[in-house]
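Heads up: the structure comes next, in structure tokens.
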Amino acid sequence: MNQTGTKTIYAVRPCTFVYIVLMTLTVITWLVGKAGLHGLEISLFVLSFALFKGLLIGDYYMGLRGIKGLWRWVIIIWLLLPGSLITWAFVSAS
Amino acid sequence: MKNLNRPELNKSSPSGPPLESTRGGPHIENSRDAIHVKHSPSESSDERTYPPGDVALWIFILAELLVFGVFFSAYAFTRASNVELFNTCQRTLDTNSALINTLALITSSYFVMRAVAAIREDKSQQCFQWLLAALLMGFVFLVVKSGEYLHHYDAGINLRTNLFYMFYLSLTFFHFMHVILGMVILTAVAIKATKGGYSAAEHTGVESGASYWHMVDIVWLVLFPLVYIMH
């Protein structure tokens with residue numbers, strides 16, 4: 001990172017780095033499905049990837065990172081609520 | 001729709017380089033009932049308390065997320081009582097198409113985010129081009145998903161086939177409709193952008209459209225593993 005006056009120049013924009021992470025996690029998720037891996041641990045592992053990706057979208061693409069107050073947490077709370085219920089359902093089914 | 005945002009919200013990009021000031025220092029407007037203070041864009045971003053875009057649209061987004069959250073939970077708990085059925089039917093789904101669709105939506109979200117960054121730098125034409133690219137990715141999603149639906153239709157699968165397909169078809173089609181609505185919004189924003197309707201100082205419409213599109217993306221990011229992968 002290099003600062004010139006008021007502009008900050010990045011070797012790779014943070015949003016582009018986030019994009020690469022999102023694509024990578026998606027391909028890993030797909031590979032898990034292709035390999036036929038299953039079971040509670042695998043399901044929760046894949047779900048955690050999805051929730052993390054949602055968090056990245058909320059923070060970096062929606063611009064919620066750096067916002068103070070309730071709005072900072074809306075996407076995180078949304079991810080955690082269904083995420084917890086889905087986890088509960090999968091645990092109870094195993 | 002009335003813009004409930006604070007003026008200082010448009011001052012910086014959520015990611016990428018900070019933007020230069022587009023307005024002057026604090027500006028005081030004196031109306032009959034109140035004095036409104038417009039803050040300088042140079043104010044610290046730590047003071048932002050509202051998300052980018054129109055707050056009214058964000059309330060709509062939250063309502064949409066709530067509905068999808070209930071849908072996802074209902075799917076998961078119904079599956080808990082029908083594990084074998086759900087696992088068997090899940091294996092008939094095309095994960096390759098789901099991968100293409102997920103990559104398309106993530107890419108479109110990236111393009112939309114770049115469109116917002118462009119308009120914050122007063123680059124209307126670039127904003128338009130990024131939005132066009134995002135719409136193209138949205139179109140890819142619709143084509144691939146339609147192909148999947150056609151395949152299921154040919155196989156005689158419908159909402160009444162069994163519980164899994166009822167959930168699968170209704171969940172994905174509900175999301176499909178949101179993609180279409182998101183594309184309509186982005187198209188309207190792109191048309192206005194190409195006519196120079198947005199600037200670095202006023203681009204709430206672009207941010208609102210972008211926020212809606214990102215919501216559609218986030219929902220799919222949970223839907224993809226839940227319906228196609230987790231068993």
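The values are calculated or read from the model by the stated rules, or taken from the named source; none is laboratory data. On a predicted model such as this, the values are computed, not experimentally measured, just so you know. Cβ atoms come from the backbone with ideal geometry, glycine included; neighbour counts cover every protein chain shown. Accessible surface is based on the protein model in full, side chains and every heavy atom, while ligands, DNA and RNA are left aside. Shrake-Rupley method; radii C 1.70, N 1.55, O 1.52, S 1.80 Å.
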Please pick out the residue among B:Ile185, B:Ile218 that is at negative phi and within 13 Å of chain A (Cβ to nearest Cβ).
B:Ile218
For segment B:84-99, give me each residue that is within 10 Å of A:Trp30 (Cα to Cα) and open to solvent by 60 Å² or more (accessible area, probe 1.4 Å).
B:Asn96
Looking at (1) within 19 Å of B:Ile61 (Cβ to Cβ); (2) more than 7 Å from chain B (Cβ to nearest Cβ); (3) open to solvent by 70 Å² or more (accessible area, probe 1.4 Å); (4) at pLDDT 95 or above, can you tell me which one A:Leu56 breaks?
(3)
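Out of B:Ile191, B:Ile229, B:Ile218, which single residue is among the hydrophobic types (A, V, I, L, M, F, W, C) and surrounded by fewer than 22 Cβ atoms within 10 Å (Cβ to Cβ)? Give the derivation first.
Values: B:Ile229 fails: surrounded by fewer than 22 Cβ atoms within 10 Å (Cβ to Cβ); B:Ile218 fails: surrounded by fewer than 22 Cβ atoms within 10 Å (Cβ to Cβ).
None of the others qualify; the one that does is B:Ile191.
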Given the criteria more than 14 Å from every other protein chain (Cβ to nearest Cβ), outside any loop (DSSP other than H, G, I, E, B) and out of contact with any Asp or Glu (no Cβ under 6 Å at 6 or more places or on another chain), does B:Val112 qualify?
no
Subset of segment B:63-78, residues free of Cβ contacts under 8 Å to residues at least 60 places away in the same chain and surrounded by 16 or more Cβ atoms within 10 Å (Cβ to Cβ), comes to B:Gly69, B:Ser73, B:Phe77
Taking first residues from segment B:101-117 that are assigned by TED's automatic domain parsing to the domain that holds B:Tyr149 and free of Cβ contacts under 8 Å to residues at least 40 places away in the same chain and second residues anywhere that are of a type in the set (S, T, N, Q) and open to solvent by less than 10 Å² (accessible area, probe 1.4 Å), the pairs with Cβ under 9 Å that are 6 or more apart or on different chains are B:Leu103/A:Thr26
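Run down A:Ile76, A:Ile20, A:Ile42 and say which single residue is open to solvent by less than 40 Å² (accessible area, probe 1.4 Å), more than 7 Å from chain B (Cβ to nearest Cβ) and without any contact (Cβ under 8 Å) to a residue 60 or more places away in the chain. Give the steps one after another, and end with the answer.
Numbers: A:Ile20 fails: open to solvent by less than 40 Å² (accessible area, probe 1.4 Å); A:Ile42 fails: open to solvent by less than 40 Å² (accessible area, probe 1.4 Å).
Going through A:Ile76, A:Ile20, A:Ile42 in turn, the sole match is A:Ile76.
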Kindly establish whether B:Gly156 is assigned by TED's automatic domain parsing to the domain that holds B:Val70 and modelled with pLDDT under 95.
no
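Could you please find all residues in segment B:72-107 being in a helix (DSSP H, G or I) and out of contact with any helix residue (DSSP H, G or I) (no Cβ under 9 Å at 6 or more places or on another chain)? Break it down into steps so the answer makes sense when it comes.
Step one: list which residues in segment B:72-107 are in a helix (DSSP H, G or I), which gives B:72-81, B:83-90, B:95-107.
B:Glu84 - this is the single residue of segment B:72-107 that is in a helix (DSSP H, G or I) and out of contact with any helix residue (DSSP H, G or I) (no Cβ under 9 Å at 6 or more places or on another chain).
Taking the stated definitions as given, is B:Leu169 in a helix (DSSP H, G or I) and either hydroxyl-bearing (Ser, Thr, Tyr) or in contact with a His (Cβ under 8 Å, 6 or more places away or on another chain) (or both)? Explain how you work it out, then say what you get.
Numbers: in a helix (DSSP H, G or I): yes; either hydroxyl-bearing (Ser, Thr, Tyr) or in contact with a His (Cβ under 8 Å, 6 or more places away or on another chain) (or both): yes.
Yes.
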